[in-house]
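These notes concern the structure reproduced below.
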Amino acid sequence: MQAQAVTQRRTPGGAGRPRPEGPGPELGRAIAYLAHYKKDAFFAYLFLFISTGAMLMVPQLTQSIIDAVTNGYIAQQVAKIPATFLPTALQKLGWTAEQFDRYQNSAVQLMITAGLLILLFAVIRGLFAYAQTYMSERVSQSVAFDFRNDLFAKIQRLSFSYHDKNQTGQLMVRATDDVEKVRLFIGQGLLQATQAVVLLTSTLIILFFTNVKLTLVIMPLLPVVLAIFMVFSTSVRPLFTEVQVRLSRLNTILQENLAGIKVIKAFVREPEQQGRFDVAADDLKNQQIKVARIFSFLFPVIFMLVSLGQAAIFYFGGRQIIQGTLTLGEWQKFTMYLMYIFFPLGQLGFIISQMSQASASAKRVFEILDARSDVVDLPNAENLPEIQGTVEFRGVTFRYVGEGEPALKDVGFSVEPGQTVALLGATGSGKSTIINLIPRFYDATAGAVLIDGHDVREVCLDSLRSQIGIVLQDTTLFSGTIRDNIAFGRPNAGLEEIIAVAKGASAHDFITSFPQGYDTPVGERGTSLSGGQKQRLAIARALLMDPRILILDDSTSSVDTVTEYEIQQTLTNLMKGRTSFVIAQRISTVRNADLILVLEKGQIVASGKHDDLLENSPIYAEIYNSQLVEDAQAVTETAETIAWDGKEKQS
Ligand code: ADP
Ligand code: MG
């Protein structure tokens, strides 16, 4: 199908703006995407557990070193006292004779062993942290890949009415930035959260087993820290949602600006555009700063609480050492494990904010993925068989948006295969709307559109649209070669076929005049083609599909007379033997049409053939005399003179 954007977006406005709410189920759905990568995800988590375990060993070993040192020191001192007092001293210390012996002679060795073990665990931790990072990155990139593809596929399938309501900039931010936020959460946030929870609980268990009293000292701090993070995260989430909304707005402006740069320059609107952009950029900046302000408030508060915990350990731990219920090594271990409590708490805080962002983003992504396309295949839809080309409108009424004036009111007509229908009427009378209903870009609000007797709503969209060719005035070329663009609807078409249709569309000559011929790159950054050349490529594109029904926006007003003449000839060629709908601009089109439909405010006010209408319909006579363009044939002489100046005109 050769459909390009038929209608302009008439409802700008920020449709689909997410409302800030509590963390929704969207994040869970995003996480479910991991299911496709179970093995990779499993290893990522396994490696995470191993490296966390290695991390947990370090304070334990540090305790061994310090205890070896202090015990060694004490043993050396005890060894100095007279031998008669030794048993009493050992009894007071609670040491056996072997222990005393070991502390005295093997302290250095114990220390070295523990030191080497610390080194070993550091290496294990490093290796597995590396493996885990690699695996999680792999998983998250794969998930993001799936997300992007699903999103893109969905955007392709969404109906015109969806695209009418949603801005391109919005969609672009969702497909890029929002997906990235979700990816970061799935790839890092989720693992870090797991690590934080594992680290936190195992540390607490170890601490309780080491010294209950000391552990109880720091316990009251934990809920305080957690509460701060919770308050923080709930207040920051709507702020992040707003950041995304403002980013979308900025993107929309940028996107519109780039697409319309010629118009902007022609109308000298650069300063206003600059102003619009500045306002949007400023909005975004302010929002980011607002978020940063909360963040910068958070961390000092947390650090203060950490210091409070440390002070408590120093004080209460110190007292226990003096009383002899705690060793120096255990004390040191405690301080180290304390970091293992506050570190994951801080990490959790960070993740909660990341989760807020990811959740807001996931919501926006799923908003698209869940958007119901108005135009979809029925569950039992069958393929439309190869058609003859009968088209019937039966009492069709159509509204673009919910209420308001219908764009079409009770439109009825019927065309035989191969006939040409000319649509006439003022701007906004409903000509394009009629055309939009045939390939089912929209569904009729009431009544039915039938092709060969099949209601278009009851057949598969692909089978319907692939049998309808559309040539619009404003041709979209995609980046790629001329050949790719002609073969757009049938990528595996052979070169001979492509040349044949290019000849039929009078495009062969100008194509071969390029040094690279059919392999000339066009579209973004490619060779720029004139309006007439583009249109001839669009005609070739439609010819290649050999459709039974053809839709033409026959406006060639942007093209010089020579090109117009050529295009007109090829269009006549193209229409032969096909049911054609033409938005007529020229006298010759209406003269030759089998059916002329005169539209006014969405209603057919007159219909029939030219001679008949000219006599009986004053409205038609009026349009015919004042609005239709004289045929290009009439200026053939001029055309030939111009053609003599240079065969190809490139505007
Ligand atoms: P024509 O092609 O004859 O100029 P259209 O069929 O484009 O007229 O438009 C018919 C009416 O429908 C007009 O009032 C127009 O504003 C409205 N309309 C067209 N396209 C849309 C759209 N995508 N969303 C909302 N209204 C639309
Ligand atoms: Mg129109």
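The values are calculated or read from the model by the stated rules, or taken from the named source; none is laboratory data. Just so we're clear, the structure is a prediction, and the values are computed from it rather than from any experiment. For neighbour counting, all protein chains shown are included, and Cβ atoms are generated from backbone atoms with ideal geometry for every residue, glycine included. Each accessible area value is taken on the protein alone, full model and side chains, heavy atoms only, with ligands, DNA and RNA left out. Shrake-Rupley method; radii C 1.70, N 1.55, O 1.52, S 1.80 Å.
Looking at Gly324, Gly309, just one residue is out of contact with any Asp or Glu (no Cβ under 7 Å at 6 or more places or on another chain), open to solvent by less than 20 Å² (accessible area, probe 1.4 Å) and small (Gly, Ala, Ser), and that residue is Gly309.
Got at least one residue in segment 141-161 being within 16 Å of ligand 2 (Cβ to nearest atom) and surrounded by 14 or more Cβ atoms within 10 Å (Cβ to Cβ)? Yes: segment 141-161 contains one or more residues that are within 16 Å of ligand 2 (Cβ to nearest atom) and surrounded by 14 or more Cβ atoms within 10 Å (Cβ to Cβ). Against the condition over 20 Å from Ile65 (Cβ atoms) and surrounded by fewer than 15 Cβ atoms within 10 Å (Cβ to Cβ), how does Ala97 come out, does it pass? Yes; evaluated as a whole, the condition is true for this residue. The condition of being modelled with pLDDT under 80 and farther than 20 Å from Lys409 by Cα does not hold for Thr579.
Among the candidates Phe128, Phe160, Phe147, the residue that is within 16 Å of ligand 1 (Cβ to nearest atom) and touching a residue at least 12 places away in the same chain (Cβ under 8 Å) is uniquely Phe160. Scanning segment 259-316 for residues that are in contact with a helix residue (DSSP H, G or I) (Cβ under 8 Å, 6 or more places away or on another chain) and β-branched (Val, Ile, Thr) turns up Ile264, Val291, Ile294, Val301, Ile302, Val306, Ile313. Pairing each residue of segment 249-269 that is on the phi < 0 side of the Ramachandran plot with any residue that is in a loop (DSSP other than H, G, I, E, B) and surrounded by 12 or more Cβ atoms within 10 Å (Cβ to Cβ), provided the two are 6+ apart or on different chains, yields C-beta distances under 7 Å for Thr252/Gln167. Residues that are more than 13 Å from ligand 1 (Cβ to nearest atom) and either part of a strand (DSSP E or B) or under 13 Å from Lys601 (Cβ atoms) (or both) within segment 423-454 comprise Ala446, Gly447, Ala448, Val449, Leu450, Ile451, His454, listed in sequence order. For Gln91, indicate whether it is modelled with pLDDT of 85 or more, under 30 Å from Leu27 (Cα atoms) and not acidic (Asp, Glu). The answer is no for Gln91. For segment 490-510, does any single residue satisfy the condition of being within 16 Å of ligand 2 (Cβ to nearest atom) and not acidic (Asp, Glu)? No; the residues of segment 490-510 include none that is within 16 Å of ligand 2 (Cβ to nearest atom) and not acidic (Asp, Glu). Here Ala446 fits the description: open to solvent by 20 Å² or more (accessible area, probe 1.4 Å), in contact with a strand residue (DSSP E or B) (Cβ under 7 Å, 6 or more places away or on another chain) and closer than 29 Å to Gly389 by Cβ.
Looking at Gly517, is it surrounded by fewer than 22 Cβ atoms within 10 Å (Cβ to Cβ), modelled with pLDDT of 90 or more and under 24 Å from Ile567 (Cβ atoms)?
Values: surrounded by fewer than 22 Cβ atoms within 10 Å (Cβ to Cβ): yes; modelled with pLDDT of 90 or more: yes; under 24 Å from Ile567 (Cβ atoms): yes.
Answer is yes for this residue.
Scanning segment 418-436 for residues that are more than 10 Å from ligand 2 (Cβ to nearest atom), small (Gly, Ala, Ser) and surrounded by fewer than 23 Cβ atoms within 10 Å (Cβ to Cβ) yields Gly418, Ala426.
Criterion applied to Arg174, Arg237, Arg183 was being away from ligand 1 (no atom under 16 Å from the Cβ), of a type in the set (Lys, Arg) and free of Cβ contacts under 8 Å to residues at least 60 places away in the same chain, and the one residue passing it is Arg183. Looking only at segment 398-417, which residues are surrounded by fewer than 16 Cβ atoms within 10 Å (Cβ to Cβ) and over 20 Å from Tyr162 (Cβ atoms)? Answer for segment 398-417, where residues must be surrounded by fewer than 16 Cβ atoms within 10 Å (Cβ to Cβ) and over 20 Å from Tyr162 (Cβ atoms): Glu405, Asp410, Gly412, Phe413, Ser414, Glu416, Pro417. Counting only residues that are open to solvent by 50 Å² or more (accessible area, probe 1.4 Å) and either over 21 Å from Asp178 (Cα atoms) or not in a helix (DSSP H, G or I) (or both), segment 237-281 holds 18 of them.
Among the residues of segment 352-365, is there at least one that is surrounded by fewer than 19 Cβ atoms within 10 Å (Cβ to Cβ) and not aromatic (Phe, Trp, Tyr)? No - not one qualifying residue is present in segment 352-365.
Taking the criterion of being surrounded by fewer than 18 Cβ atoms within 10 Å (Cβ to Cβ) and not hydrophobic (A, V, I, L, M, F, W, C), the residues of segment 458-479 that qualify are Glu458, Asp462, Ser463, Ser466, Asp474, Thr476, Ser479. Against the condition over 27 Å from Gln60 (Cβ atoms), of a type in the set (D, E, K, R) and modelled with pLDDT of 85 or more, how does Glu98 come out, does it pass? Judged against the criteria, Glu98 is not a match.
For segment 385-408, taking the residues that are of a type in the set (A, V, I, L, M, F, W, C) and assigned to a loop (DSSP other than H, G, I, E, B), the one that is nearest to ligand 1 (Cβ to nearest atom) is identified as Ala407.
If a residue must be among the β-branched types (Val, Ile, Thr) and closer than 27 Å to Ala505 by Cβ, how many such residues does segment 438-476 contain?
So the count comes out to 7.
Within segment 482-512, work out how many residues are touching a residue at least 12 places away in the same chain (Cβ under 8 Å), surrounded by fewer than 17 Cβ atoms within 10 Å (Cβ to Cβ) and not in a loop (DSSP other than H, G, I, E, B).
Final tally of qualifying residues: 3.
One residue stands out in segment 367-384 among those that are without any contact (Cβ under 8 Å) to a residue 12 or more places away in the chain and in a loop (DSSP other than H, G, I, E, B): the one that is farthest from Ser159 (Cα to Cα), namely Asn380. All of Val108, Val197 fail the test of being closer than 30 Å to Arg364 by Cβ, more than 25 Å from the chain's Cα centre (by Cα), in contact (Cβ under 8 Å) with a residue 24 or more places away in the chain and surrounded by fewer than 18 Cβ atoms within 10 Å (Cβ to Cβ), apart from Val197. Restricting attention to segment 123-132, does a residue exist that is surrounded by 16 or more Cβ atoms within 10 Å (Cβ to Cβ) and under 30 Å from Lys363 (Cα atoms)? Yes - at least one qualifying residue is present in segment 123-132.
State yes or no: is Val411 at pLDDT 90 or above, under 22 Å from Leu550 (Cα atoms), more than 13 Å from ligand 1 (Cβ to nearest atom) and of a type in the set (Val, Ile, Thr)? It is false that Val411 is at pLDDT 90 or above, under 22 Å from Leu550 (Cα atoms), more than 13 Å from ligand 1 (Cβ to nearest atom) and of a type in the set (Val, Ile, Thr).
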